[in-house]
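Below is one structure, written out as structure tokens, with a few remarks after it.
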Amino acid sequence: QVQLVESGGGLVQPGGSLRLSCAASGIIFSVYTMGWYRQAPGKQRELVATVTRGGSANYADSVKGRFTISRDNAKKTVYLQMNSLKPEDTAVYYCNARGFKLDHWGQGTQVTVSS
């Protein structure tokens with residue numbers, strides 16, 4: 001079955017950096033659009049960034065210039081490098097795989113930005 005396993009979350013001070021990873025199995029990773037979404041307490045889940053099979057990236061305005069999404073098809077892994085983190089980036093971050101009219105989700109990893 002499809003599995004998306006996130007890692008790399010944690011507690012970081014404002015201005016700090018974290019790198020999230022999402023390892024996929026059970027899918028033909030190279031043909032899927034991969035993405036990161038986040039959900040803060042009391043808010044709806046929102047798009048953070050996506051990267052297509054061809055490597056084209058798309059970002060939410062709130063993270064442009066601070067976050068970078070990348071993928072390694074050989075490792076079946078998608079990454080999210082997060083720099084200059086702000087308290088408003090605090091949320092559970094979810095990995096997403098989209099393809100063949102289906103969405104697959106990971107279990108999420110908590111990112112907390114606080115001093």
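Which of the following residues is within 27 Å of residue 1 (Cβ to Cβ) and charged (D, E, K, R): 86, 76?
On the way: 86 fails: within 27 Å of residue 1 (Cβ to Cβ).
The match here is 76.
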*Enumerate the pairs (first residue in the stretch 71-83 and more than 13 Å from residue 9 (Cβ to Cβ); second residue anywhere and open to solvent by less than 50 Å² (accessible area, probe 1.4 Å) and part of a loop (DSSP other than H, G, I, E, B)) with beta-carbon separation below 7 Å, excluding pairs fewer than 6 apart on the same chain, so at least 6 apart or on different chains.*
83/66
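Modelled with pLDDT under 95, among the small types (Gly, Ala, Ser) and more than 12 Å from the chain's Cα centre (by Cα): which single residue out of 54, 65 fits that description?
Exactly one residue qualifies, and that residue is 54.
Can you tell me which residue is surrounded by the most Cβ atoms within 10 Å (Cβ to Cβ) among those in the stretch 2-17 that are at positive phi and in a loop (DSSP other than H, G, I, E, B)? Break it down stepwise before answering.
Pass one, the stretch 2-17, residues at positive phi: 8, 10, 15.
Add one more test, that the residue is in a loop (DSSP other than H, G, I, E, B), and what stays is 8, 15.
Numbers: 8: 16, 15: 11.
It comes out as 8.
The values are calculated or read from the model by the stated rules, or taken from the named source; none is laboratory data. Note that the structure is predicted; figures quoted are calculated from it, not measured. Quick reminder, even Gly has a Cβ in these numbers, built from the backbone with ideal geometry, and neighbours come from all protein chains shown. Note: accessible area is taken over every heavy atom of the protein model, side chains too, but ligands, DNA and RNA are not part of it. Shrake-Rupley method; radii C 1.70, N 1.55, O 1.52, S 1.80 Å.
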